[in-house]
Amino acid sequence: MICELVKKEQPKEHIYDFTVLCPEMAEQAKAGQFLHILCGGDAYLRRPISICDVTEGKYLRFIFEVRGEGTKSLAEKKVGESIDILGPLGNGFSLHPEDAEDALLIGGGIGIFPLLNLAKELGNKPNVILGFRNKDAVMMEDEFSAASSKLMIATDDGSYGFHGLVTDLLKQQMETGRVSHIYTCGPTPMMRAIAEIGKEHNIPVQVSLEERMGCGVGACVTCTCMVNGGRKRVCKDGPVFDGAEVEF
Ligand SMILES: Cc1cc2nc3c(=O)[nH]c(=O)nc-3n(C[C@H](O)[C@H](O)[C@H](O)COP(=O)(O)OP(=O)(O)OC[C@H]3O[C@@H](n4cnc5c(N)ncnc54)[C@H](O)[C@@H]3O)c2cc1C
Ligand code: FES
């Protein structure tokens with residue numbers, strides 16, 4: 001689908017925040033799903049980017065870090081230009097709105113983006129833990145603060161918020177209150193550690209995996225991962241999986 005870029009911001013040096021007009025996709029979008037974007041330039045394959053927010057029932061927002069050729073070309077698009085987007089793709093998170101106030105969302109680095117839409121969709125505001133390398137990398141604090149009942153921020157070097165890992169904050173949260181479900185997206189070692197803690201304490205953990213993709217719709221098997229002894233496609237069977245079943 002061809003969508004118009006209606007808003008473009010650059011919150012950090014390598015991070016771009018895009019809003020596109022696409023009512024058909026916005027209507028169907030669920031938290032945790034992704035868009036497969038034709039970025040332009042020399043990047044012939046589409047690139048997967050999570051849906052970060054849906055507004056007014058017609059706008060989709062996504063935020064991305066410039067990593068290579070594709071995201072570099074995408075970042076050069078100007079407001080008013082068209083972007084070719086396939087989506088919404090993937091399965092998204094399974095919501096448990098009845099437990100939302102005891103739900104815990106844990107995001108690390110650029111993995112925080114799909115969690116904003118999730119926090120909003122859950123209805124009752126959940127608790128949120130976000131982890132970053134340092135103070136300079138901290139993003140979207142105000143928006144997550146508004147969408148959560150309690151926002152905790154950790155930095156690896158202690159330059160902002162809690163000094164330590166998101167898993168330290170998770171353990172603190174489990175000691176002081178009930179955690180009904182955990183939803184997480186971020187670096188693989190972080191999600192692996194959270195899935196382990198969930199298993200030990202019988203807390204369901206949904207993880208959103210990131211793999212390099214080709215087709216994005218289940219046809220090319222570029223994006224496989226091991227889940228419960230079998231190969232699964234991140235694009236079609238995921239990107240959200242039961243953390244207890246993923247073989248990280
Ligand atoms: C379901 C899903 C959702 C995503 N959501 C977001 C998002 O919301 N925001 C965001 O910034 N990024 C997101 N990504 C990652 C994004 O797709 C990649 O950064 C992008 O495809 C890189 O393309 P490129 O052409 O710029 O870089 P390339 O030139 O393709 O690669 C540059 C470098 O990044 C590495 N790389 C590229 N893709 C991946 C990947 N999928 N996993 C690990 N390493 C990779 C390459 O190995 C290489 O070192 C998501 C990925 C998936 C699978
Ligand atoms: S990207 Fe082609 S099967 Fe997943």
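The values are calculated or read from the model by the stated rules, or taken from the named source; none is laboratory data. Just so you know, these numbers come straight off a predicted model, no measurement behind them. FYI the Cβ positions are ideal-geometry reconstructions off the backbone, even for glycines, and counts take in every protein chain you see.
When segment 161-204 is filtered for residues that are hydroxyl-bearing (Ser, Thr, Tyr) and under 22 Å from the mean Cα position of the chain (by Cα), the ones remaining, listed by number, are 167, 180, 183, 184, 188.
Within segment 41-63, restricting attention to residues that are of a type in the set (A, V, I, L, M, F, W, C) and under 15 Å from residue 216 (Cβ atoms), which residue is modelled with the lowest pLDDT? Taking the candidates together, the pick is 43. Among the helices (runs of 4 or more DSSP H) confined to segment 62-173, the ones with at least 2 residues that are outside the structural domain of residue 40 (by TED's automatic domain parsing) and of a type in the set (A, V, I, L, M) are located at 113-121, 141-147. Taking every residue in segment 165-187 that is under 21 Å from residue 91 (Cα atoms) and pairing it with any residue that is of a type in the set (Phe, Trp, Tyr), at least 6 positions away or on another chain, the pairs with Cβ-Cβ distances below 8 Å are 183/93; 185/113. You will find that of 229, 198, the residue that is exposed (fewer than 15 other Cβ atoms within 10 Å of the Cβ) and away from ligand 1 (no atom under 14 Å from the Cβ) is 229 and no other.
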